[in-house]
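The values are calculated or read from the model by the stated rules, or taken from the named source; none is laboratory data. This one's a predicted model, so the numbers in the text were calculated from it and none came from an experiment. Ideal geometry is used to build each Cβ from the backbone, glycine not excepted, and the neighbour counts take in all protein chains shown. What goes into the accessible areas is simple: the full protein's heavy atoms, side chains included, and nothing from ligands, DNA or RNA. Shrake-Rupley method; radii C 1.70, N 1.55, O 1.52, S 1.80 Å.
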Amino acid sequence: MADVPAAAARFVRALAAAVLREGEPDALAADARAALDGVFAAQKSLVLDVQFTGFAQKGQLVGGVDPAVLRAAGQLIMLRVTRLGFTPEAGQGDLAALFAAVSRPPGELGPDGVAGAMASAAPRGIYVSAAGGAVYKPAPTPKPTATPTESTPKPPEAAAEQGSAPAAEAPPQPAAAQEDAGDWDLAEFDLVDSAEILSQQLGGGPSAAEMRLSGEVEPPSTDMYHFFRATDEKQAQTEVLPRLLAEADNVTRFDELAQAAARSVLALVRSDAHPQAVELLDALVREADRPDRNRFFRESAVGALRRAGTPETLHRLLDLLPTGGEERERILRFFVFMGREALELLQGALFRTQEPELRAAIFRALLGVQGTHDRLVAVALQEAGPARIRTLLELARGPEVDADLARRWAAEAAKHAEPAVRVEAARGAANLGGRAAMRVLLDLLSDGDRQVRMAAIQGLGAIGEAAAVPFLARALSDSADEELQVAAAAALGRIGSPDALPGLLTIATKRSLFAGKRAQRLKIAAVQAIARIPTPAARDALASIAAGKDDLAEEARRLLAAT
């Protein structure tokens, strides 16, 4: 029995020498062909995974940790070659074509890389897979028509001249297989003969049952990506790929799976199979964020996400946000991960949606992005109308928003040129409360717009800070606008500070030669405010007013009776 590991190691060393340009290509191809004879004496094909640790066959390193082999594997990775396969049809000339391709720098290979160069040379018996999905497959060899001459077994010498293993060492075959003995196409590769073998190479992947994507037992596929085909396999892709990604233990395999996931997402989104697409995207996001993965794994996941995150994908997923649940959270995580363009779409949805729950979910997602705080208020203030800033200030009252940040938003809105926006800023500050919000409102007390001043007066009353009393008392006495005076009296009453009593009592007891309904209304507002001040002095003042005989006295008596 041939020493297959030793023969495979000799082949790998010849391949490495060719990649590193350490020898004559023709001589290296001859050495490689001789080594393959030793491999094919015991197995029908040789499939090598290109890894940073060297070359592996079914998870086992071939050629050891020879520095030259490691350098060659690294060079192939730079060329994005992930897997190489060989069958007995690969003659010396075919190997020379491969060696010529892999020894060239990337700039000389063109956009399709090594796979494209192989497609031009069209060697037999060689299979090349590259990251990103580029594949070279040799054209299948036509089956010869059986004749008495052709069916006569060839002597071992003739078989050796054609680069095949001697017939005496080949394993026995049934009659049907003997008819195809010279037809070495991709179906002969150990890698693709069985989903089970593929599963083992991917680090403990799914069983054969899990890989039966149509729900029925299928014959072995001749396509190494057979379980990524976009037919009726959507659910199986969703179930299998996330686990394979999580379990993949080398960058080459992981990159293949990540790119396959990206291709699947695009197909699933276009076919409206959104839940499956969202699940695959979430699996890639998790891999990109895994702290135990090195940079190469994370960059591969990020690249796949960029490929899947097309404008079409983003817009289709944006329409799914109202569905809620775990799917919404996954979509939001994906949008946050994708960055600027996706975040701009989320910002638009934040200000557009009328659903409070969805608005809050989007807002929470955006707050988790560094630098979004200032960008949100800037976007809101770009609108001429108050709707966006109203939405933002309403959301700012939530527990997930820092109070100082929310008050800063209100202060920015208070400087807006549009009065309606400043009104919303006053209302927002009043809802937020605190000394910082009060300062915003005090600045708005002198605003040139009457509605803004009204909102500021009402806001100060809502906050209830005694420090606002002197400013409200001034508005009560100095304003020529009776509506603003009434609002100031009501605000002083809400605060209930004893310091407000002198100003209110002055208004209530002020005599006017032209007393009318408007003046009486202001006096009644002042008396009502006095009634809300919980001090004996305020009650005595109310009793004094109640001793009169006018409508104001009647209101004071009513208020006394109610307290």
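Observations
- L268 meets each of the listed conditions (1) open to solvent by less than 10 Å² (accessible area, probe 1.4 Å); (2) of a type outside the set (V, I, T); (3) over 20 Å from I331 (Cβ atoms) apart from (3).
- Residue within the range 420-432 that is more than 37 Å from the chain's Cα centre (by Cα) and open to solvent by 30 Å² or more (accessible area, probe 1.4 Å) present: no
- Within the range 113-142, residues that are on the phi < 0 side of the Ramachandran plot and touching a residue at least 40 places away in the same chain (Cβ under 8 Å) sit with their Cβ atoms under 6 Å from residues that are part of a strand (DSSP E or B) and among the basic types (K, R), at 6+ positions apart or across chains, in these pairs: S129/R83.
- Single residue of the range 433-455 satisfying the filter (within 15 Å of L476 (Cα to Cα) and more than 42 Å from the chain's Cα centre (by Cα)) that is surrounded by the fewest Cβ atoms within 10 Å (Cβ to Cβ): S446
One line per residue, one yes/no per condition, for (1) assigned to a helix (DSSP H, G or I); (2) modelled with pLDDT of 95 or more; (3) in contact with a helix residue (DSSP H, G or I) (Cβ under 8 Å, 6 or more places away or on another chain); (4) not polar (S, T, N, Q):
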position: R293; (1), (2), (3), (4): no, no, yes, yes
position: F296; (1), (2), (3), (4): yes, no, yes, yes
position: S300; (1), (2), (3), (4): yes, no, yes, no
position: A304; (1), (2), (3), (4): yes, no, yes, yes
position: L314; (1), (2), (3), (4): yes, no, yes, yes
position: E326; (1), (2), (3), (4): yes, no, no, yes
position: E329; (1), (2), (3), (4): yes, no, yes, yes
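- Subset of the range 19-59 [surrounded by 20 or more Cβ atoms within 10 Å (Cβ to Cβ) and either of a type in the set (S, T, N, Q) or farther than 16 Å from A90 by Cα (or both)]: V19, S45, D49, V50, Q51, G54, F55, A56, Q57
- Residues in the range 272-323 that are open to solvent by 40 Å² or more (accessible area, probe 1.4 Å) and either farther than 20 Å from L257 by Cα or touching a strand residue (DSSP E or B) at 6+ places or on another chain (Cβ under 6 Å) (or both): D272, P311, E312, H315, R316, D319, P322, T323.
- Residue within the range 76-83 that is touching a helix residue (DSSP H, G or I) at 6+ places or on another chain (Cβ under 6 Å), open to solvent by 20 Å² or more (accessible area, probe 1.4 Å) and part of a loop (DSSP other than H, G, I, E, B) present: yes
- Within the range 471-490, none of the residues are assigned to a helix (DSSP H, G or I), surrounded by fewer than 19 Cβ atoms within 10 Å (Cβ to Cβ) and touching a Ser or Thr at 6+ places or on another chain (Cβ under 6 Å).
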